[in-house]
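Here's the structure we're looking at; comments come further down.
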Amino acid sequence: MNFKGFFHKNSGGIARDRLKVVLLSDRMKCSPEMTRLIKRDIVRVLEKYLEIEDTLNVEVRLDITRKIEQGVKNVKTIQIKGL
Amino acid sequence: MSEIIVVTSGKGGVGKTTAVANLGTGLAKLNKKAVLVDTDIGLRNLDVVMGLENRIVYNLIDVIEGNCRLKQSLIRDKRYPNLYLLPSAQTRDKTAVTPEQMIKLTEDLAEHFDYILLDCPAGIEQGFKNAVAGAGRAIVVTTPEVSAIRDADRIIGLLEANGLKKIDLLINRLRMDMIRRGDMMSMEDVVEILGINLIGAVPDDESVVISTNQGEPLAGNDTKAGQAYLNICRRIMGEAVPLLDLNKSSNILTKFTGLFKKN
């Protein structure tokens with residue numbers, strides 16, 4: 001029993017998770033920071049037209065799909081909930 | 001029928017040159033006629049890993065520029081009658097060669113050898129493009145680290161864009177003790193992430209450092225790494241060889257018996 005692993009994730013698992021995010025960004029040519037900015041801008045646009053209050057619940061789901069050389073499609077989903 | 005295989009990785013220091021030296025040695029031990037071509041112009045290293053550094057007269061650039069005949073430039077490894085090395089030039093840089101010239105060179109070599117192994121330089125620039133140009137098959141070397149795997153993924157994309165169909169993965173420097181603790185990505189993790197065929201895994205073994213120090217590749221020797229490399233050679237030749245159980249090396253008993261065997 002590994003007590004260290006009880007409290008935080010093993011570094012191998014951390015590496016695997018980080019790698020998956022990095023590779024998806026690389027293959028999509030779309031970084032997590034970029035998706036953050038896209039999210040921010042979409043909210044700004046919506047705010048121009050909709051009066052977003054607590055009562056109005058808007059949900060936006062944006063799928064960015066890129067076909068890469070391997071013939072596999074990579075999909076990145078940006079979800080903006082509860083504006 | 002001969003095969004032209006480029007050994008590449010993107011990232012430096014993951015063991016491309018060591019892999020080429022050992023795969024060449026292993027193939028020669030399995031009675032295949034093999035030539036190792038060092039395409040890392042300006043940063044020649046395959047010769048020292050092979051222990052042939054004192055026998056170089058002509059190099060790759062000499063052949064390409066017509067200063068010597070192809071046969072003159074090939075160094076025969078005296079330990080294995082079927083193994084040859086075409087060393088790189090140390091005084092020039094990657095721009096001294098074009099992809100077209102590399103295609104011509106590998107075609108010429110293909111007439112005389114079963115296997116042509118190309119040791120690719122790190123990076124994705126001219127040197128990589130030259131090395132890949134003539135190849136019909138690729139082995140991507142990586143280690144179980146985030147940076148190396150990221151580069152490997154990029155390289156796989158570039159190889160596919162270059163029209164290479166047969167791309168295999170070699171995972172180097174696996175440490176079973178760390179994987180068991182969960183502090184290193186496992187073979188399965190790496191294969192799942194990169195999504196290409198695994199041709200073999202080589203454990204992180206002191207014997208590899210020792211063999212490089214001595215200039216004697218260890219493929220086929222009685223070490224875990226030596227056996228792993230020989231198995232990879234068999235798979236290159238098309239045999240179905242099951243993966244080596246790397247866990248065995250952690251057994252104290254086998255470690256001890258291994259100690260006595262060496263002496």
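Numbers at a glance
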| read-out | value |
| --- | --- |
| Filter result for B:GLY26 (of a type outside the set (S, T, N, Q), over 23 Å from B:GLY123 (Cα atoms) and not in a loop (DSSP other than H, G, I, E, B)) | yes |
| Filtered residue count, segment B:72-128, keeping only those that are of a type outside the set (Asp, Glu) and within 21 Å of B:LEU159 (Cα to Cα) | 24 |
| Matching residues in segment B:32-82 - criterion: being touching a Cys at 6+ places or on another chain (Cβ under 7 Å) and assigned to a helix (DSSP H, G or I) | B:ASP62 |
| Residue in segment B:98-113 that is touching a residue at least 40 places away in the same chain (Cβ under 8 Å), surrounded by fewer than 22 Cβ atoms within 10 Å (Cβ to Cβ), among the hydroxyl-bearing types (Ser, Thr, Tyr) and part of a loop (DSSP other than H, G, I, E, B) present | no |
| Set B:GLU192, B:GLU160: member being over 12 Å from B:VAL141 (Cα atoms) and either surrounded by fewer than 17 Cβ atoms within 10 Å (Cβ to Cβ) or among the β-branched types (Val, Ile, Thr) (or both) | B:GLU192 |
| Neighbours by Cβ (under 8 Å, 6+ apart or cross-chain): first from segment B:144-162, facing another protein chain (nearest Cβ under 7 Å); second surrounded by fewer than 23 Cβ atoms within 10 Å (Cβ to Cβ) and among the basic types (Lys, Arg) | B:VAL146/A:ARG18; B:ASP153/A:ARG27; B:GLY157/A:ARG27 |
| Filter result for B:THR98 (within 14 Å of the chain's Cα centre (by Cα), under 28 Å from B:LEU52 (Cα atoms) and of a type outside the set (Gly, Ala, Ser)) | no |
| Flag for B:SER186 being at negative phi, more than 19 Å from the chain's Cα centre (by Cα) and at the interface with chain A (Cβ under 9 Å from one of its Cβ atoms) | yes |
| All positions within segment B:114-157 that are surrounded by fewer than 18 Cβ atoms within 10 Å (Cβ to Cβ) and of a type in the set (S, T, N, Q) | B:GLN126, B:SER147 |
| Residue match in segment B:48-64 (condition: closer than 15 Å to B:SER88 by Cβ, free of Cβ contacts under 8 Å to residues at least 60 places away in the same chain and among the basic types (Lys, Arg)) | yes |
| Any helices (runs of 4 or more DSSP H) falling wholly within chain A and containing at least 3 residues that are at pLDDT 85 or above and loosely packed, with under 10 Cβ neighbours inside 10 Å | A:32-49 |
| Unique match (being surrounded by 24 or more Cβ atoms within 10 Å (Cβ to Cβ) and on the phi > 0 side of the Ramachandran plot) among B:GLY66, B:GLY51, B:GLY10, B:GLY24 | B:GLY10 |
| Selection within segment B:87-97 - buried (at least 23 other Cβ atoms within 10 Å of the Cβ) and either modelled with pLDDT under 95 or more than 9 Å from B:ILE64 (Cβ to Cβ) (or both) | B:PRO87, B:SER88 |
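The values are calculated or read from the model by the stated rules, or taken from the named source; none is laboratory data. Quantities reported herein were computed from a predicted structural model and do not represent experimental measurements. Ideal geometry is used to build each Cβ from the backbone, glycine not excepted, and the neighbour counts take in all protein chains shown.
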